[in-house]
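Following: one structure in structure tokens, then a few remarks.
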Amino acid sequence: MKLRISVIGLMGCALMSSSFCADAGTSSQTVNWTGDNGYKVRSYFVYDNSLSIVGVDGGGSTGIDYLNVEFYSPGNSLLFSTVDVNNGIPNPNFPQLLFTYDTITRTVIGDQVNGAFSLGRNLQLGDLYVTGLIGGASDIFDFNTIAIDSIANGTAFVPEPSSIMLFALGLAAMASRGRKIAAK
């Protein structure tokens, strides 16, 4: 009977976002920002869940294993995608990279001094990046450092809806199973 419960729990974790289930000490999360004109930034990252604060800057990474940033047009077409961190190593072509995440509250907190963050890449035509302050004004820029959209509140944090739904489904399945076991 215990094996069945474990298998159900593992299946729930496999279906859910790993931000809810530890897998070899790492978790993942997706953060979305939407600008006033409808441009969107999506950041997906994998981090060491044994640390309370993880981050990355141009000089190195603390607990972030992988960080991907995608930019979408107001019509939801993918404009640009870049990998800022791979295997714990920040992309050396983007020294302005700055991203800090509180694994306890599951929120982006920016740097320790003023809450600044910067994601993306600004090297060649077609590149996009987002930069600003958590809790303050932020902007999405193109390669020519022209702001194409403003994010009024840099704290906008939106978990993926599918992750929330799968998490709730997993909880419901485990609760249902628990009731059946208790009834026996």
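No value in this document is a laboratory result; all are computed from the given coordinates. Because the structure is predicted, anything quoted here is derived from the model rather than measured. Note that each Cβ is placed from the backbone with ideal geometry, even for glycine, and that neighbours are counted across all protein chains shown.
For segment 23-159, give the magnitude of the charge dipole about the Cα centre (Cβ charges: +1 Lys/Arg, -1 Asp/Glu; no others), in debye to the nearest 20.
With only Lys, Arg, Asp and Glu charged at Cβ, the dipole is about 120 debye.
Once amide H atoms are built 1.01 Å from N in the peptide plane, which residues 5 or more positions from Asp127, or in another chain, come under 5 Å H to H?
Phe143
Restricting to Cα pairs below 8 Å that are 6+ residues apart, what does the relative contact order work out to for segment 23-159? Please round to a whole percent.
Over segment 23-159, the number comes to 21 percent.
List every residue whose amide H lies under 5 Å from the amide H of Asp65, counting only residues 5 or more places away in sequence or on a different chain, with H placed 1.01 Å from N in the peptide plane.
For Asp65, the qualifying residues are Val46, Tyr47, Asp48.
Can you bin segment 62-107 into rounded, prolate or oblate? Criterion: square roots of the alpha carbon gyration tensor eigenvalues sorted a ≥ b ≥ c, rounded for a/c under 1.5, prolate for a/b above b/c, oblate for the rest.
oblate
Under the classification rounded if a/c is under 1.5, otherwise prolate if a/b is larger than b/c and oblate if not, where does segment 23-159 fall, given a ≥ b ≥ c as square roots of the Cα gyration tensor eigenvalues?
prolate
Going by amide H atoms built from the backbone, whose H comes under 5 Å of the H on Ala116, apart from near neighbours?
Counting only residues 5 or more places away or on other chains, the set is Asp111, Ile134.
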